Structure formats: structure tokens, C-alpha cells
Amino acid sequence: MKRLNFITASLLVIAFTAFGCAQMSSMYDSATGWTSLIDGEKGLENFDRVGDANWRGEDGAIVADKGKGGFLVTKKSFKDFQIKAEFWVGPNANSGIYMRCANPAVITDKSCYEANIYDDRADPSFGTGAIQHITKASPMLKAGGKWSTYEITVKGPQLTVVLNGTRTAGATDTKFASGPIALQFGSHGKEPGGAIKYRKVQIRPL
């Protein structure tokens, strides 16, 4: 009986392991090389949480709209890659996509590269479409109140940001060679920023 129970338990472990691998592999498209980190309300398991933002799946997207600020940080690090992200921000939102972060436990715009999403920034030249602290947005576009798409390429020292089909920033920089990616819900001092929604985030290694 003990041997039978052991065999049954072993088969269950194998079955659940295979099921988990199937779930993970379903986010990867072998034909295109893209992996979906977020697909509708799915994907929170691909990230660790830093800060107290109330990230959750809702209405076909991953959403945050309360808290003092926080990040979804990928459990994996990335070196050379392309990102495609479909996002929506409400009024007064303070967000961004952070890349090659030096410390996954402490995410800042000085320890990562940040493609900014911040229409109401006091200096709009480093607002939406800019690479924070490195390259101003040109042209300066707005993203608030509509679904927008970021296409970001990071290869070696080259960084390129394309917002809704328009190239808004490009730079050459060597500070960060690899690291996790982080999605931000930012605040304004003690007040939370506007809502941020991600309905699709994909990455492809280069």
C-alpha cells in the first residue's frame, strides 16, 4: 500500500509540474519569439511587488490606482530585448517602464532606465516618451485617457522609445547592462497618481 501511495503521489507531482510548464509556455510564442508578461488580466505571477500599489486584474487589464507608489518587477533579468506594452493612464498619472534595474528591491529612475509615462510632469520635456534623465521627448506627446502602445528597444548601449508609432527618444548609454523590468504606479507626494492599466506587455530577446 505504501508503495502504491508513493507511485500515486509521484504521478501527481509529475502531472502538476507538466501543467505548470504548459501554463508558462503558453505565454511564449515560438513562431515570433515574443513572451507575454501580461495578457489581459493574466500575468501577475511573472512579477514581484515592490511598494504598496494595489495591483490586480480587472476589466481585461492589470490595474493600479491606489497606494503611495509601487512597482511590478519581473522575476527575470533581461539584457538585450524589445518590449511592446499597451497601456492606459488616467489624469495626473505618474508611471513608466523601468529597464535593466540595478537592484530589484529598490527601483528608482536613477538605478534603471525609465521610459516615462507622465503627461503632467512639471518639465514636460522629460514627460511621456522621454528616457528619464537621459533624453528628452521629441516630439512631446500625450498618452492620458486613451490606450497607447510603447515599443522599446534596448540593445547594447542603444535605447529607442516609440510611442504610438512615433519615435520620441533615442540614446546611447552604458550605465546599466542588464536587470529586471519594472512597471510603475507612482504618486504625487502623499497623494496617489492617476490610474495605470496594462492590458498587454510582451518582451522578445535580441
Got a number for carbon plus sulfur as a percent of the chain's accessible area, 1.4 Å probe?
56 percent
Hey, what's the chain come to in accessible area per residue, 1.4 Å probe, Å²?
52 Å²
What are the ³J(HN,Hα) couplings of the stretch 82-93, residue after residue, when phi is run through the Karplus curve with 6.51, -1.76, 1.60 and θ = phi - 60°? Round to Hz, x for glycine and proline.
10, 10, 10, 9, 9, 9, 9, 10, x, x, 6, 6
Residue 100 accessible area, assembled protein chains, probe 1.4 Å, Å²:
10 Å²
Gyration tensor (alpha-carbon) shape descriptor, the chain, a/c threshold 1.5:
prolate
Which residue, chosen from 157, 105, 206, occupies the Cα position most advanced towards the positive end of the dipole of the stretch 72-206, where the dipole is computed from +1 (Lys, Arg) and -1 (Asp, Glu) charges on Cβ about the Cα centre?
206
Local net charge near residue 137, Cβ-Cβ under 15 Å (Lys/Arg +1, Asp/Glu -1)
-2
Compute the relative contact order of the chain as a whole-number percentage, counting only Cα pairs closer than 8 Å that sit 6 or more residues apart in sequence.
29 percent
Under 20 Å from the 7 Å Cα→Cβ point of residue 106, by amide nitrogen: which residues of the stretch 47-69?
48-53, 68-69
Under a Cβ-only charge scheme (Lys and Arg +1, Asp and Glu -1), can you give me the dipole magnitude of the chain about the Cα centre, in debye to the nearest 20?
460 debye
In whole Hz, what ³J(HN,Hα) sequence does the stretch 100-117 give by Karplus (6.51, -1.76, 1.60; θ = phi - 60°), x for Gly and Pro?
6, 5, 6, 9, x, 8, 10, 9, 9, 6, 10, 10, 8, 7, 10, 8, 6, 10
From the Cα gyration tensor of the stretch 85-206, with a ≥ b ≥ c the square roots of its eigenvalues, which class applies: rounded if a/c is under 1.5, or else prolate if a/b is larger than b/c, or else oblate?
rounded
Taking residue 84 as the anchor, which lysines have their alpha carbon closer than 20 Å to its alpha carbon, excluding any fewer than eight residues away along the same chain?
42, 75, 76, 142, 146, 155, 197, 200
Between residue 142 and residue 68, what FRET efficiency follows from the Cβ-Cβ distance if R0 is 30 Å, with the result rounded to 0.05?
0.75
Surrounding net charge for residue 153, when Lys and Arg each add one and Asp and Glu each subtract one, Cβ distance under 12 Å
+2
Where a ≥ b ≥ c are the square roots of the eigenvalues of the C-alpha gyration tensor, would you call the stretch 62-108 rounded, which needs a/c under 1.5, or, failing that, prolate if a/b is larger than b/c, or oblate?
oblate
Starting at the first residue of the stretch 196-206, write each ³J(HN,Hα) from the Karplus equation 6.51 cos²θ - 1.76 cosθ + 1.60 with θ = phi - 60°, in whole Hz, x for Gly and Pro.
10, 10, 10, 9, 7, 9, 10, 9, 9, x, 10
Pull up all non-local amide H partners of residue 54: gap of 5 or more, or a different chain, and H-to-H distance under 5 Å with H placed in the peptide plane.
65, 66
Just to confirm a number: summing +1 for Lys and Arg and -1 for Asp and Glu over residues other than residue 112 whose beta-carbon lies under 12 angstrom from that of residue 112, what do you get?
0
In debye to the nearest 20, the charge dipole size for the stretch 87-138, taken about the Cα centre with +1 at each Lys and Arg Cβ and -1 at each Asp and Glu Cβ, equals 180 debye
Once both labels are modelled 7 Å past Cα along the beta-carbon direction, what's the residue 120-residue 173 spacing in nm?
2.5 nm
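The values are calculated or read from the model by the stated rules, or taken from the named source; none is laboratory data. Note that the structure is predicted; figures quoted are calculated from it, not measured. We place every Cβ from the backbone using ideal geometry, glycine too, and count neighbours over all the protein chains shown. Ligands, DNA and RNA are stripped out before the accessible areas are found, and what is left, the full protein with its side chains, is counted by its heavy atoms. Shrake-Rupley method; radii C 1.70, N 1.55, O 1.52, S 1.80 Å.
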